[in-house]
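What follows is a set of notes on a single structure, which appears directly below.
The values are calculated or read from the model by the stated rules, or taken from the named source; none is laboratory data. Predicted model, so just to flag it, every value in this text is computed and none were measured. Here the Cβ positions follow ideal geometry from the backbone for every residue, glycine too, while neighbour counts run over all protein chains shown.
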Amino acid sequence: MLELADYTFYFLALVTLVGGIAVITAQNPIYSALWLALTMVSVAGVFVSLDAWFVAGVQLIVYAGAVMVLFVMVIMLFDLRRETNAFSRGMVSGFLKLASAGIFLGLIGGSIYNSAETVFAPPPAELEKTADATKALANTLFTKYIFSFEVIGVLLLVIAIGAVTLSRVQGGTHAKHD
């Protein structure tokens with residue numbers, strides 16, 4: 001029999017999925033950013049329903065707070081009427097888009113395949129103690145999963161460089177004017 005916590009988890013998981021789909025299907029970038037904020041808040045709610053309070057707090061502070069502000073600021077840098085014309089529809093760019101999507105899906109599939117044992121394994125015994133849960137989580141994350149943290153750091157660096165580069169293209173508020 002399902003309890004209230006189970007219903008809460010499934011409801012928040014459904015809101016996360018719907019919000020994620022709405023992020024990529026929204027026509028207006030501002031609406032997409034708002035859907036992304038809802039998705040991030042619902043992911044924090046999922047963490048709360050799993051009694052991962054620290055991770056939920058980090059999710060709200062870092063992602064729903066700081067990253068969303070960054071996204072909205074970057075969106076505001078662009079002249080959105082001109083940005084739709086910036087994407088080419090040629091044969092080469094279409095091939096590159098499909099190849100990139102295939103590589104991305106292959107990487108996700110490989111990651112899921114390689115981490116299936118650790119994802120579905122029972123948590124280590126030291127994580128069950130509530131007093132030392134944060135310390136044990138930090139030890140696990142920064143020893144066993146340090147590569148993932150490094151990849152996220154590089155990804156955030158690439159995002160920041162990309163945002164600065166895109167803000168300098170024709171039509172952005174920081175564009176070089178002749």
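Does any residue in segment 18-39 that is closer than 14 Å to Val72 by Cα come within less than 6 Å, Cβ to Cβ, of a residue that is modelled with pLDDT of 90 or more and acidic (Asp, Glu) six or more places away or on a different chain, and which pairs are these?
none
Answer yes or no as to whether Tyr10 is among the aromatic types (Phe, Trp, Tyr) and either crowded, with 17+ Cβ neighbours inside 10 Å or part of a loop (DSSP other than H, G, I, E, B) (or both).
In short, no.
Conditions tested, residue by residue: (1) among the charged types (D, E, K, R); (2) within 24 Å of Phe9 (Cα to Cα); (3) modelled with pLDDT of 75 or more; (4) touching a helix residue (DSSP H, G or I) at 6+ places or on another chain (Cβ under 8 Å).
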site: Asp51; (1), (2), (3), (4): yes, yes, yes, no
site: Gln59; (1), (2), (3), (4): no, yes, yes, yes
site: Val74; (1), (2), (3), (4): no, no, no, yes
site: Leu96; (1), (2), (3), (4): no, no, yes, no
site: Ala99; (1), (2), (3), (4): no, no, yes, no
site: Leu105; (1), (2), (3), (4): no, no, yes, no
site: Ala121; (1), (2), (3), (4): no, yes, no, no
site: Lys129; (1), (2), (3), (4): yes, yes, no, yes
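Of all residues in segment 13-32, which are farther than 14 Å from Leu50 by Cβ and surrounded by 16 or more Cβ atoms within 10 Å (Cβ to Cβ)?
Val15, Gly19, Gly20, Ala22, Val23, Pro29, Ser32, listed by residue number.
Please specify each residue of segment 131-178 satisfying the condition of being modelled with pLDDT under 65 and among the hydroxyl-bearing types (Ser, Thr, Tyr).
Passing the criteria: only Thr173.
Could you check segment 2-43 and list, in sequence order, the residues that are under 18 Å from Met68 (Cβ atoms) and hydroxyl-bearing (Ser, Thr, Tyr)?
Correct list: Thr16, Tyr31, Ser32, Thr39, Ser42.
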